[in-house]
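Reviewing the structure listed below.
The values are calculated or read from the model by the stated rules, or taken from the named source; none is laboratory data. Remember, it's a predicted structure, so these values are computed and weren't measured experimentally. Every residue, glycine as well, gets a Cβ built from its backbone with ideal geometry; the counts of neighbours run over all protein chains shown. With ligands, DNA and RNA removed, areas are computed over all heavy atoms of the protein, side chains included. Shrake-Rupley method; radii C 1.70, N 1.55, O 1.52, S 1.80 Å.
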Amino acid sequence: MFEDLKKLILAGDDGMDFSPMFSISSNGDEGEEIEVPSNIALLALKNTVLYPGLVIPITVGRSKSKKAIKHAYASNKLVGVFSQVDIATENPELEDLYNVGTMAKIIKLIKMPDGNTTAILQGRKKIVLERIVSDEPHLMGQVSEILMEEVKEKTEYRALISSIKDSAKKIIELSPNIPSESIVMLQNIKSDGFLMNFIASNLNVEVESKQEILDINNPIKKATAILSRMQQELEMLEIRDQIDSKVKGNIQKQQRDYFLSQQLKTIQDELGQNPQAEDLKEIQAKAEKKDWPEPVQQHFDKEMKRLQRMNPQVAEYSILLNYMDTLISLPWNEYTEDNFDLTKVKEILDKDHHGLDDVKERILEHLAVLKLKGDMKAPILLLVGPPGVGKTSLGKSIASALGRKFIRMSLGGLHDESEIRGHRKTYIGAMAGRIIQSVKKAKSSNPVFILDEIDKIGKDFRGDPSSALLEVLDPEQNHSFYDNYLELEYDLSKVMFIATSNSLNTIQPALLDRMEVIQISGYSTEEKVQIAKKHLVPKQRTEHGLKAKHISLSDKVLTSIIRGYTRESGVRGLDRTLAGAMRNIAKKVAMNEKYDPKIKVEQLKDILGPAKFRDDRFNKIKQSGIAIGLAWTRVGGDILYIEASTNKGKSGLKLTGNLGDVMKESAATALSYIKANAEILGIDSAVFNDTEIHIHVPAGAIPKDGPSAGITMLTALTSVLSGKKVKSGLAMSGEITLRGKVLPVGGIKEKVLAAKRSGIKNIILCEDNRKDVEKINEDYLKGVDFQFVEEMEEVIELALNKR
């Protein structure tokens, strides 16, 4: 109590502690009588109670509080101040406020540098809140004045006031932080009512107790309540004084830490408490329920004995206590039961994700072996594919299907090895690595653990996290993973690790060798339509508060959205685009506008704006020297025109179109092959002596590289030099060699689907790529004819028209 008297002002946002000050006059009237208005602006306080006659500063931070203060200051400067029942409530209503408060007058408003407003309030009269009149733009309430009862037993009342003054004097004397001048200040207070309010406001008690005092209208009962609480505080100060007297005689400067420890111990003995003993007892009780390995049990017992002998005041005590807490919180030999209903698992995986058959098949195979054998090391999978194809969300679906806990750990930008292995306990702020922390959080030793963006791990002077992962992701080692903080081996062999990556190029070879790589290609337009129908449209409809009757998107409309408004391998952009369409419909529904729920392709321009991308259709080839190739991009496949022309002049090969080195080498290889086989191809060898050959690939702003345009360049060059046009509706992809061989290339699914979208009817590929075509859903290949070749002569024969 009274410790706030030494402070001049401690401001707080409707709820921080602050000290009350004297009113301008002891009875709070300032020489004028103010009537209580029936309706008044309300201000909610958090951590204190305002009594009549006192002046306090309040730093107003909440929006409604600011508006209430400004409204009151601009009118009669009167505001109703009521304390909150729960300080966590940000927008209090009638039931959130105590019904008895104080009408205050705003003495002054001060604009603070941080943008907040400090109001100096003077309590005037006690009022009761009858109802809330309005809550916008701030709280307004209907109030009425509460008058104090008359004192009937004046002798008893005078005795109580005298006791209050005596107790206050003793408290000030026993409190080293309160100046002795406070005694004189209290003696100068003439009003008994103001004296009680001032002392009650400074009591070191909860807001609820202060409010109970404010609620009392009988002066004798009010004085009794204040005196009772003062006696409790006085007893605490006397015990503290006794403790000081006991230990001061044996203390020296170098024993200051010991003195503080003894003080705390004595206080705890007086209260019958010993927190340290309770903590140790709780740890011991948890340890008895653990089914951990024998080495861990021995280590725990050893550390527990050391902890019990240790002085709680030394720094190492808290470090060891945190360590023991981590040790018992880990799920040693605690596993969730797997769901061995393979049919049900397959249904869940198929329901959550469209396609991704290779991953699903691998999970089912693992479960099947686990079901038959009963025990098996979990596989360590690496899902590689472009962004947005569902690699990360697939992990969550797998955990749900298996009935396991799910953990996701992002490795993007990770530089510090200790993030994986943890810090040694000797360091300040040491903690276990993120692997152990995640297992602790999952409360299971066999969760599905997603290592997201494993290709984006950093490496600097702090260590190489990818090297630390070698032990984690090695099935032969991770049964005894060593964390620097634990200083014990932890079994991670039952954890199903699934890493995700956009590329294999940046993953350390040794790390890559430990994982089973599963390539996830981008989705075709047909697959995206199915994903949108089954997952994205229902999800976005729900998130925007719409129902099925409000919007209907046909396959044709979804296809137009996919082709005209997105260019991606995954479906993130499609999800955002569908969200835009849902917002447009939600606005119409909310504004009761008439519209046709069955969206048509022609309406997309009004809903989503003009199409962002053009769906390229191949143009009929009308002259020689033009061939169509197939390209793979990070957002799927595309068709690529290769144009060749000849000009009289200095012989040579000119390449344009922002081509990379590999593509330039393919052009040079094609030309060398044609020169060597000119007679077979029906080309006059003399043409190479005085003719400049020019190859151009359109879209020059886009860098292009890779070997897959080899046979396309060969075809275009042969066409322009022989004068034979390339067959219309034909596209091709394959690498070439000087020996005339056609080699396989990658990205076949994306390339083939791009060809079909563009209206291509015939495709030439390497024989070795036949297996890649067979993996594509037959429904997506209808109307497309494939020619598989091994020799470059076959390409020329299939691609060129007869003269």
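The residues of the chain expose, per residue, 50 Å² of accessible area to a 1.4 Å probe.
Remark: the range 627-685 carries a charge dipole of roughly 200 debye about the Cα centre, counting +1 on each Lys and Arg Cβ and -1 on each Asp and Glu Cβ. Sequence-distant contacts, meaning Cα pairs under 8 Å at least 6 residues apart, place the relative contact order of the chain at 7 percent.
Angle of helix 315-329 to the longest C-alpha principal axis of the chain, folded into 0 to 90 degrees and rounded to 10: 60°. Under the simplified labelling scheme, the residue 34-residue 689 pair shows an inter-label distance of 11.2 nm, with each label point 7 Å from Cα along Cα→Cβ.
Full extension of the chain segment joining residue 173 with residue 396 gains 73.7 nm, where the gain is 0.36 nm per residue of separation less the Cα-Cα distance.
Beyond a 31 Å Cα-Cα separation, which of these cross-linked pairs lie in this structure: 351/761; 373/459; 344/539; 648/756? The partial results should precede the final answer.
Values: 351/761 34 Å; 373/459 40 Å; 344/539 23 Å; 648/756 38 Å.
Cα-Cα > 31 Å for 351/761; 373/459; 648/756; rest within.
The accessible surface of the chain, taken with every protein chain in place and a 1.4 Å probe, is 49 percent carbon and sulfur.
Taking R0 as 51 Å, what's the FRET efficiency between residue 277 and residue 701 from their Cβ-Cβ distance, rounded to 0.05? Before the final figure, lay out the partial values.
Numbers: r = 74 Å, r/R0 = 1.45.
In this case the efficiency is close to 0.10.
Protein chains only, probe 1.4 Å: how do 120, 398 rank by accessible area, largest first? Mind showing how you got there, number by number?
Working: 120 25, 398 0 Å².
I get 120, 398, largest accessible area first.
Computed extension gain for residue 190 through residue 662, at 0.36 nm per residue and net of the alpha carbon distance, reaches 160.1 nm. Would you mind telling me the antiparallel percentage of the DSSP bridges in the chain, rounded to 5? Here the share of antiparallel DSSP bridges comes out near 55 percent.
Straight-distance candidates among the aspartates and glutamates for linking to residue 724, with alpha-carbon spacing under 12 Å and chain neighbours fewer than 8 residues away dropped: 797.
Set the bar at 22 Å for Cα to Cα. Now go through 528/612; 534/751; 377/775; 396/528; 125/190 and name every pair that lies beyond it. Those over the limit are 534/751; 377/775. Between residue 47 and residue 786, the contour length at 0.36 nm per residue exceeds the Cα-Cα span by 258.1 nm. Give 704/782; 302/440; 405/749; 533/771; 77/152 a once-over and call out the pairs whose C-alpha atoms are over 25 Å from each other. Pairs exceeding 25 Å: 704/782; 405/749; 533/771; 77/152.
I need the calculated FRET efficiency for the pair residue 440 and residue 93, taking r as the beta carbon distance and R₀ as 45 Å, to the nearest 0.05.
Numbers: r = 41 Å, r/R0 = 0.91.
Once rounded, the FRET efficiency stands at 0.65.
Mind putting a number on the dipole of the range 637-784 about its Cα centre? Charges go on the C-beta only, +1 for Lys and Arg and -1 for Asp and Glu, and I need it in Debye to the nearest 20. The calculated dipole for the range 637-784 is roughly 300 debye. Could you tell me whether the range 351-429 comes out rounded, prolate or oblate from its Cα gyration tensor? Rule is a ≥ b ≥ c as square roots of the eigenvalues, rounded for a/c under 1.5, then prolate if a/b exceeds b/c, otherwise oblate. It comes out oblate by the Cα gyration axes. Note on the range 429-496: semi-axes of the ellipsoid equivalent to its C-alpha gyration tensor, largest first and rounded to whole Å, are 19, 15, 13. Annotation: aspartates and glutamates with alpha-carbon distance below 17 angstrom to residue 664 (same-chain offsets under eight excluded): 643, 692, 705, 735. Distance between the pseudo-spin-label points of residue 145 and residue 579 (7 Å out from Cα toward the beta carbon): 5.8 nm. Measure nothing fancy, just the Cα-based angle from helix 342-352's long axis to the longest principal axis of the chain, in degrees from 0 to 90, nearest 10. So the inclination is approximately 90 degrees.
Under a Cβ-only charge scheme (Lys and Arg +1, Asp and Glu -1), can you give me the dipole magnitude of the chain about the Cα centre, in debye to the nearest 20? Could you put the intermediate results ahead of the total?
Details: 113 positive and 114 negative charges, 579 e Å.
In total the dipole reaches around 2780 debye.
If R₀ is 41 angstrom, what is the calculated FRET efficiency for the pair residue 680 and residue 415, using the beta carbon separation as r and rounding to 0.05? Write down the numbers at each step before the final one.
Numbers: r = 59 Å, r/R0 = 1.44.
My answer for the efficiency is 0.10.
Set against the labelled values (i) 52.1; (ii) 35.9; (iii) 32.8, mean projected area of the Cα convex hull in nm² computed from this structure falls on (i). Under 12 Å from a label point 7 Å along Cα→Cβ of residue 654: give me every residue in the range 694-725 with its amide N that close. Residues 694-696 qualify, since their backbone N sits under 12 Å from the label point. Label positions at residue 165 and residue 797, each projected 7 Å from the Cα along the C-beta direction, are separated by 12.4 nm. Helix 192-202 and the long axis of the chain differ in direction by around 30°, with both axes built from C-alpha atoms.
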